[in-house]
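The values are calculated or read from the model by the stated rules, or taken from the named source; none is laboratory data. The shown structure was predicted, so the numbers you read here are calculated from the model rather than taken from an experiment. In this analysis, Cβ positions are derived from the backbone assuming ideal geometry, glycine residues included, and neighbour counts consider all displayed protein chains. Surface accessibility is based on the protein's heavy atoms, side chains included, excluding ligands, DNA and RNA. Shrake-Rupley method; radii C 1.70, N 1.55, O 1.52, S 1.80 Å.
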Amino acid sequence: MGQSLSGKLGVYLKTKGYVVTHRPSIPPSSSTGGGGGPVEIYDVNGPGIDRLWSTSLRVSDYIIITSVCSIKATQAAIKSVNWIITGINFTLVIGCFDIDFRDGEIQLRASLPIKIGKEQLPQAEVIFKETWGRHVATLSKYSSEILQALLNPPPLPSFISTTNSRDSGGSGSGSSGGSHKDVHSGGEQDVHVQVTCDGCRMRPLVGVRYKCKVCDDYDLCSSCKDKGVHNHHSFTSMSTKKSSSSPSSSKSSSSPSSSSSLPAPAPAPTPAPAPAPAPSPSPAPAS
């Protein structure tokens, strides 16, 4: 019997000088969108992985690489650190930093944009090597910047509110949300407060929310959706924005008293031309 994909990936990492530790296998969870065999998890340490981060590799129907920062942001620093990692995320091609607003934990997570099947195994190995390389490079590039933000939180820009709905934790409806200004594009984006992207673990999920029509609890952000994550199921796009049309405008367009429903007034009659002026009398002859 051939070597499993997880085994091949473990061997590949070891040849690159990484220390790979296999955790006990766990059964798949329907909430992750998986439906195949057991979930294999490996802890990985070695070149390019800062000691500040604990990195693991999860292999099931999908391959997910996760690095967790050992230092958590304090409640006073969470918004400042979130501002920093949000700016970093706009520069990333693969993966996404995420901060948990409840306990300040920071993660970098990347997932392969294909579902793993027998016919995709060779492709998965190639994509994994590329994804792994980018993941480690991202940690190396931004680890010191995030550590600096944790130890010395920068002040927030003046246009960012110091109190917003994302501070609310615990219970709440999954549809609750709001909008925030996207300083990069100048537009408004949705903020789905109680929703986590199951592809990159962004929480709250910012932008359009894509909810799986098959799985009970599986959501993606627009970035992961565009990458083809979980593409074996169809999705419904969800927005927290309301229609911009006002009742008054729609009412005026359908009201019987609206000027558009009245007949056009008859044209005014053309005035008759003015009579020609009378000729001036001839001057009297001199006597």
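Quick notes on this structure:
- Within the range 212-253, tally of residues that are in a helix (DSSP H, G or I), at pLDDT below 80 and open to solvent by less than 90 Å² (accessible area, probe 1.4 Å): 5
- Strands (runs of 3 or more DSSP E) enclosed by the range 59-148 - at least 2 residues per element that are among the β-branched types (Val, Ile, Thr) and buried (at least 21 other Cβ atoms within 10 Å of the Cβ): 63-69
- From the options Gly178, Gly186, Gly169, Gly174, residue that is at pLDDT below 85, open to solvent by less than 60 Å² (accessible area, probe 1.4 Å) and touching a Phe, Trp or Tyr at 6+ places or on another chain (Cβ under 8 Å): Gly169
- Among the residues of the range 18-49, the ones that are surrounded by 14 or more Cβ atoms within 10 Å (Cβ to Cβ), assigned to a loop (DSSP other than H, G, I, E, B) and modelled with pLDDT of 85 or more come to 4 in all.
- When the range 199-211 is filtered for residues that are modelled with pLDDT of 85 or more, touching a helix residue (DSSP H, G or I) at 6+ places or on another chain (Cβ under 9 Å) and assigned to a strand (DSSP E or B), the ones remaining, listed by number, are Arg209, Tyr210.
- Scan of the range 132-166 for residues that are in contact with a Pro (Cβ under 9 Å, 6 or more places away or on another chain) and modelled with pLDDT under 90, ordered by number: Ser165, Arg166
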